[in-house]
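Below is one structure, written out as C-alpha cells, with a few remarks after it.
The values are calculated or read from the model by the stated rules, or taken from the named source; none is laboratory data. Every value quoted in this text rests on a predicted model; they were computed, and no experiment measured them. Every residue, glycine among them, receives a Cβ derived from its backbone with ideal geometry; neighbour counts consider all protein chains shown. To get the accessible areas, we keep the full protein, side chains included, count just its heavy atoms, and leave off ligands, DNA and RNA. Shrake-Rupley method; radii C 1.70, N 1.55, O 1.52, S 1.80 Å.
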Amino acid sequence: MVVSDLPMGSAPAPLRFEHFPTAWQAFLWRNHSYFPEEKLAEVLQCPVATVREAAAALGLPPQRMVNPKWLSHGYLTIIRENWHILNYRQMLQLLGWTAEQLAYTLKEEDFCWGKLGALKPDCTEVKYAPLTPEQEQATERFRKRVRKHIPEESGMEYLEQPFAFAEKYKMREFSGGAEKFELNFIHSYAASCGDIFLDMEKRDPIPENLLAQYASLGIKGVWMHALLYLLHPVKGSEEFSAGYETRLRNLALLTERCAKYGVGIYLYLNEPRGMPYAFYEKNPDWAGIDVPRNNMRTNCTSRRKPLEWLEEACAAVFKAAPKLAGAFLITMSENPTHCNYAFNKKACPFCCNRDPAELIAEVVAAAERGIHAAAPKAEVLVSDWAWREGKEDKCNAPFKKKVIDLLPRNVWFISISEWGKETNAGGIKGHVVDYSISQVGPSPEAEEAWRHAKARGLKTVAKIQLNNSWELSAIPYIPVPYLLQEHLDNLSRLGVDGLMLSWTLGGYPGGNLELLYKNVEELAADKFSVNIAGKICEVWRALSNAFREFPFSCPVIYVGPMNYGSMNLLYLKETNYRATMIGFPYDDLKSWRDIYPEEIFEEQFRKVTSGWKKALEQLDALEKELLQSDREGYKELRIMAEAAYCHLRSTYLQIRFVRQRSAGDKKAMAATVHEELAMVHKLHELARRDSRIGFEASNHYYYSLNDLVEKMVNCEDVLDRLAE
C-alpha cells in the first residue's frame, strides 16, 4: 500500500485556525507534548534549535521527557489533532507508521474513519518558514494570551501524567452484598479497539492490577474486540491474517491470566467481517454488496462459504484458547458483515428475497456451532442491537421475537435495556436508540423481548451503561447513582439473568460499579462518616434529578459537544463542516440538536447545568463538616461532579454562542465567551491533576492540556475580533 491508496472522501479544504499566525505553528503547538523536538523538526524540515525557539515564542514550556504512551496509547488523539493540519504523507512521517498501519486504524479501530467524518481535508505540506513582521506580531500576541491565562510555564505541565491511572489500580476488599445477577461483564478500561492481541507487550489490554481491581468489585468477565480473520486465516488468503499465530498465543495467555482472578474473557464478534476489494479478487464466491464509503465489500452469507469459514474460525480460536469464557455477537449494523448488515439486502441478488431474521439467525448458528464444538461450556451471548426489519421501524419487538424463535436454545439473549424507551425532554417526544443513563430503563420493547426469550428457555442479559454513556464519556463515571439504582432495581424485579455493564466506555474499575451489590445509602455509609453520609445522598439525588433533564436523542449523544466539552473551539464564521460521531463537533448546531428546536435544546442544557450547579453548591457547603475519614471520598466526588459540570455547561455555552452568532448579537457572544473561559480554566486544572479526566478507551484522550490552553487563546482571539 502507498499513501495514495489511503481514503480521502470528498477532500474539502481544511479548517483555518485563525488564532495561530501560521499552520506550522499550529502543528508545533499541538504536537509539542507528544513528540520530541527532533521529530517535530524532521516534519517541519528545520533545525531542532529553530523548533525550540519557535516553541518558546508561542509560550510553550521547555520540553522535558516526552511521555511515550502518547504514541503507543494515544495515537487516536494525535490523528485527530492533526487531521486538519497534515496531509497523509506527513501524518505517517509523524507517527512513524506505514500506510498499512494507518489504513487498518481507519478501517477497523471502532469506526475511526467515520469518526473523522469519512473525509480527509486536503492539507498542503506543512513546512517551517521564517515569520513575516506581521506574523511575528501575531506570535507575540499569541504568547501574551497564553501568559495572561497561564502566568507561569509550570502551569502548563501535568501534575499527574497522562495514562498514570493505569499504575493506580488497586485491589479493594470486596465487601460483597446480595448477588442479584448470575453474570456480569465489562469492557476493559485498558483495552483499545485496535489490534490488541498482536502487540500485547506494548499495550497490555488487561494488566494484572486492573484484573485485581475488577475481581475485588465482583466483576466476573471482561470483553474485548476481536477480528476473526486476524485470528484464523481464510485458506488461500493468508496474507490478510499475518501474525495470527502470535495473536492466538497472546489471547491464550490473557485468558489464563484472567482465570487466576476468577474473571473470564468474552470476545466481541461482529462477523463475518467485510474485507477490502483485493480479498474478493481471490475469493469471488464470498462477495456481497459493495460498501464504497469503507472501500470494501460485505460477505454474502447466502453463498455459504463465509458461514462455513465462520464456524471453522470460531472452533479454531476457542480450541487455541480453551479458557475463553465465551463470546457475544452483534449481527446488524455495527460494521459491514453480511449483505443486510445495514438493511441493504435488496442490492444483493442472492439475499434480496431472504428473510432478514434468517440471515441473522444463520450467522449466530454458525458461530455457536463452532464455539461449542471446541468449548461446550462457553457462553454464547447474542445481542439484539439494531434488530429491526426496516431501517426506520420504531416498534421492533415482533421482529426481535421472530429472530429469537430461530436462535439455538443454548445461547444467551442480550437486549439493550433502554432501546425504544420514549423520551419527552422539553415536551419534545422521541425515543432512545442505543443506550442512556439519563433515561432510566428498561423499555417496554426490551421487556417484551426478554419475556419471549425466557419462554423459549434462553437466559437473558441486559446491556446497560453503569459508569458513563456517550451523554458524557470524558469522565470515568457520572455521579448520578440514584438513576442507576433505579435501573438495576427494575432489572432485578424482571428476573434478568445477567448484565453487560458497558460498551467500550464505562469500564473504569470503580465509580458506580459498587451499586451491583449495594444500594446508594449503603454506598454512602461505606464511604462517609455518619454525620455527612445522608447529606452526600442528597447531593447524589440532586445530581441524578438534574441529569434527567438531558435532551436525549441518538444524534445528540454522538455528535454533540458534550464529550469534548471546553476543548471544542469557537468559530466566528460557520465552518460548514458537519459534526462527526464522537470525533469533531465543529459548530454544527443543526446536527447537535437533532429533533429539538434550538431554544428548547439550549433550555434543556440550562436546566441540566443549573440543577448540577446547585448540587455542587450543596457539596461545597459540606466541606466544613468533613472528618478526616471523609476527605478521600469527598475529593473523588468533587472531581467527578466538577469535571462533568465543565463539560455539560460548556455544551450549553456553545449552543448559546452559535445561536447568538446567527442573530449577530456580538455583546451576548462576548458574555458567553467569558463564561466559557471560566469553564476551560476549571477543566484545565482538573485534567492537570487527574489523568482520568478526558480519557475513554476507544477514543483515547479527547484533549491534552495544550488543547485546553489553545481554547483559552481561541476565546481571547474571538473576543478581540468581536470588539473590532
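Residues in the stretch 505-554 that are without any contact (Cβ under 8 Å) to a residue 40 or more places away in the chain and of a type outside the set (A, V, I, L, M): N519, E521, G534, C537.
Only one residue in A386, A347, A357, A378 is closer than 19 Å to T301 by Cα, in contact with a strand residue (DSSP E or B) (Cβ under 6 Å, 6 or more places away or on another chain) and of a type in the set (G, A, S). Which one?
Unique residue meeting the criteria: A347.
Against the numbered list (1) farther than 17 Å from K148 by Cβ; (2) of a type in the set (S, T, N, Q); (3) in contact with a Lys or Arg (Cβ under 7 Å, 6 or more places away or on another chain), Q654 comes up short only at (3). Exactly one residue out of E281, E256, E238 is touching a residue at least 12 places away in the same chain (Cβ under 8 Å) and open to solvent by 30 Å² or more (accessible area, probe 1.4 Å), and it is E256. Within the stretch 348-407, being of a type in the set (A, V, I, L, M) and open to solvent by 50 Å² or more (accessible area, probe 1.4 Å) holds for A373, L406. Of the helices (runs of 4 or more DSSP H) lying entirely inside the stretch 550-649, the ones with 1 or more residues being closer than 24 Å to E81 by Cβ and open to solvent by 10 Å² or more (accessible area, probe 1.4 Å) are found at 554-559, 589-593. Out of the stretch 1-60, which residues are touching a Leu at 6+ places or on another chain (Cβ under 9 Å), open to solvent by 10 Å² or more (accessible area, probe 1.4 Å), among the small types (G, A, S) and closer than 16 Å to V126 by Cβ? Answer for the stretch 1-60, where residues must be touching a Leu at 6+ places or on another chain (Cβ under 9 Å), open to solvent by 10 Å² or more (accessible area, probe 1.4 Å), among the small types (G, A, S) and closer than 16 Å to V126 by Cβ: just A54. For the stretch 84-117, name all the residues that are part of a loop (DSSP other than H, G, I, E, B) and modelled with pLDDT of 95 or more. If the condition is that a residue be part of a loop (DSSP other than H, G, I, E, B) and modelled with pLDDT of 95 or more, then H84, I85, L86, N87, G96, W97, T98, L116, G117 are the ones that fit. Taking each residue of the stretch 112-139 that is touching a residue at least 60 places away in the same chain (Cβ under 8 Å) and looking for partners that are hydroxyl-bearing (S, T, Y) and part of a helix (DSSP H, G or I) with beta-carbon atoms closer than 8 Å, six or more apart or interchain, yields K120/Y88; Y128/T50; L131/T139.
Listed conditions (1) within 23 Å of the chain's Cα centre (by Cα); (2) not in a loop (DSSP other than H, G, I, E, B) are all met by K120, apart from (2).
Just one of the listed residues (F181, F197, F185) is buried (at least 16 other Cβ atoms within 10 Å of the Cβ) and within 19 Å of the chain's Cα centre (by Cα), and it is F185. I'd like to know if the stretch 4-19 contains one or more residues that are within 24 Å of E716 (Cβ to Cβ), under 27 Å from the mean Cα position of the chain (by Cα) and of a type in the set (F, W, Y). Yes: the stretch 4-19 contains one or more residues that are within 24 Å of E716 (Cβ to Cβ), under 27 Å from the mean Cα position of the chain (by Cα) and of a type in the set (F, W, Y).
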